[in-house]
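*Asks:* Sharing a structure with you now.
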Amino acid sequence: MKYIGICVKGLEKFASKFVKGKTIDKGRVLFSDLKDIKFFDDVYEYSKDFKFKNFEDLIENIKDIKFDIKGTFLVRCNREGKHEFRSLEVERTLGEILFKKGFKVSLKNPETIIFIDIIENKCYCGILKFSDLCKRDYRVRLHNQSINGCIAYTILKIANIKLNEILVDPFCKDGTICIEAFLMGCKRVYGLDYNRNNIISSRLNANIANANVDFIEGDVSWLGTKFKEKEIRIVSSLPFSRHSKEILNLYKEFFKEVKDVAKGKIVLISGNDKFYDYCKDFKVVKKKFMIGKMDYYLGILR
């Protein structure tokens, strides 16, 4: 069986590597094993894909697909790009076609969800298996620069942390990276933040997740007093704001501390690419991706 997973645009090559699949489009990965799907927000069983010219051509290609409908059904359309039609039109038209073929519709509790995934002039079709996977149940208190569970999980996998290593997020915000690390099996996880409200939020979220994480209020200078030289692994979502001078000073201080205490691969993301300017003591792999409509920047440091 083949599946398509929808992930963050720009991170699909990492996700495809981890699930031993292949990138087939922006934010789309084709794979076969459902064992590890925390990279994806939605996963659907692949039926067919094709290119189309207009709405009529789209429907003409879809209507003859033999979907494996069990019980009642619902059509859901995910659409990206500029089109002369809306997602609702696709859902309604295909729903009517299937209804006329004898299938029963259920808008509230469908047993089968037909998923129409449109990217520009390409359409992928299948049966939805999992949805909204990035909305982890423990994420009750959120930071305004919070990243979702899928992104946190992906950058932790990129870091390739061994379960007996010490993982530290020096800017934990609402604790998502730390909690995901613990749920992955990391035994020694620390979250640091200079904002007390962030620590309170992180502890609340960790309690809901039953994650044993040590959250500590303090700034990055705490790293050098708590840990030995080359003792910790670091994965973090760096803060960013309009007050650029303040943020740049923070980046400068952070990399000064990290140079001494961190070991192995360091994985960082931020909505501000200026942090690259302070990575001169490291070899850096740079990658841009998108959260919603906002550009984010990934740095893999060695």
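The values are calculated or read from the model by the stated rules, or taken from the named source; none is laboratory data. These figures come from a predicted structure and were not determined experimentally. Methodologically, a virtual Cβ is constructed for each residue, glycine included, from the backbone with ideal geometry; neighbour enumeration extends over all protein chains shown.
*Asks:* Scanning for something within 19 Å of ASP137 (Cβ to Cβ) and outside the structural domain of PHE18 (by TED's automatic domain parsing), does the range 156-168 turn up at least one residue?
*Replies:* Checking the range 156-168: at least one residue is within 19 Å of ASP137 (Cβ to Cβ) and outside the structural domain of PHE18 (by TED's automatic domain parsing).
*Asks:* Go through (1) over 23 Å from LYS288 (Cα atoms); (2) under 15 Å from the mean Cα position of the chain (by Cα); (3) among the polar types (S, T, N, Q) and name the single condition ASN148 misses.
*Replies:* (1)
*Asks:* Looking only at residues in the range 272-296 that are touching a Gly at 6+ places or on another chain (Cβ under 8 Å) and closer than 17 Å to LEU250 by Cβ, which one is surrounded by the most Cβ atoms within 10 Å (Cβ to Cβ)?
*Replies:* The selected residue is PHE275.
*Asks:* Looking at the range 148-170 only, could you name the residues that are in contact with a strand residue (DSSP E or B) (Cβ under 7 Å, 6 or more places away or on another chain), part of a loop (DSSP other than H, G, I, E, B) and surrounded by fewer than 24 Cβ atoms within 10 Å (Cβ to Cβ)?
*Replies:* ILE161, GLU165
*Asks:* Then there is this: Which is on the phi > 0 side of the Ramachandran plot and either not hydroxyl-bearing (Ser, Thr, Tyr) or not in a loop (DSSP other than H, G, I, E, B) (or both), of LYS13, LYS20?
*Replies:* Sole residue among the options that is on the phi > 0 side of the Ramachandran plot and either not hydroxyl-bearing (Ser, Thr, Tyr) or not in a loop (DSSP other than H, G, I, E, B) (or both): LYS20.
*Asks:* For the range 188-218, what are the residues that are in a helix (DSSP H, G or I) and either in contact with a strand residue (DSSP E or B) (Cβ under 8 Å, 6 or more places away or on another chain) or free of Cβ contacts under 8 Å to residues at least 60 places away in the same chain (or both)?
*Replies:* Once the filter is applied, which keeps residues that are in a helix (DSSP H, G or I) and either in contact with a strand residue (DSSP E or B) (Cβ under 8 Å, 6 or more places away or on another chain) or free of Cβ contacts under 8 Å to residues at least 60 places away in the same chain (or both), the range 188-218 yields ARG196, ASN197, ASN198, ILE199, ILE200, SER202, ARG203, ALA206, ASN207.
*Asks:* Go through the range 97-119 and report how many residues are exposed (fewer than 14 other Cβ atoms within 10 Å of the Cβ) and either within 17 Å of ASP25 (Cβ to Cβ) or basic (Lys, Arg) (or both).
*Replies:* Of the residues in that region, 4 qualify.
*Asks:* Another one. Only one of these is under 17 Å from the mean Cα position of the chain (by Cα), buried (at least 20 other Cβ atoms within 10 Å of the Cβ) and closer than 30 Å to LYS286 by Cβ: GLY5, GLY10. Name it.
*Replies:* Sole residue among the options that is under 17 Å from the mean Cα position of the chain (by Cα), buried (at least 20 other Cβ atoms within 10 Å of the Cβ) and closer than 30 Å to LYS286 by Cβ: GLY5.
*Asks:* From the list ASN61, ASN78, pick out the single residue that is outside the structural domain of ILE269 (by TED's automatic domain parsing) and in a strand (DSSP E or B).
*Replies:* ASN78
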